[in-house]
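Every read-out reported here was derived from the displayed coordinates using simple, explicitly stated rules and does not represent laboratory data. As the structure is a computational prediction, the values presented were derived from the model and not from experiment.
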Amino acid sequence: MIIYKDVLQKLKDAGYSTARLRKDGLIGQAAIKSLRYGKDISMGTLNTICALTGLPVNELIEYVDDDPPAN
């Protein structure tokens, strides 16, 4: 499964509070809520986050195998 690495904090550190993201129409409320609760976001939203933070995708998300192979 994909997990987010403190994406909202990284956006805040880059000067983008959730209020500003919504007000400026950069990221919608549904995407912000998805980030908050670890739900899926679109590639477009992820692209926007990379652009706003200046961070590569591997600093924002991580893949964790949530179904290890059976022994």
Legend entry - Length-normalised contact order of the chain in % [C-alpha pairs under 8 Å, at least 6 apart]: 48 percent
Inset, instruction - Give me the percent of Cα-Cα pairs in the chain that sit more than 15 Å apart, rounded to a whole number. - result: 52 percent
Legend entry - Segment Leu52-Ala14, extension gain: residue separation times 0.36 nm, minus the distance between their alpha carbons: 13.0 nm
Inset, instruction - May I have the count of lysine pairs in the chain with C-alpha atoms under 17 Å apart, counting pairs 8 or more residues apart or located on different chains? - result: 6
Legend entry - Length released on extending from Glu62 to Ser42, taking residue separation times 0.36 nm less the Cα-Cα span: 5.7 nm
Legend entry - Note, ³J(HN,Hα) from phi for the stretch 43-55, Karplus 6.51, -1.76, 1.60, rounded to Hz, x at Gly and Pro: 5, x, 5, 4, 4, 4, 4, 4, 5, 5, 8, x, 9
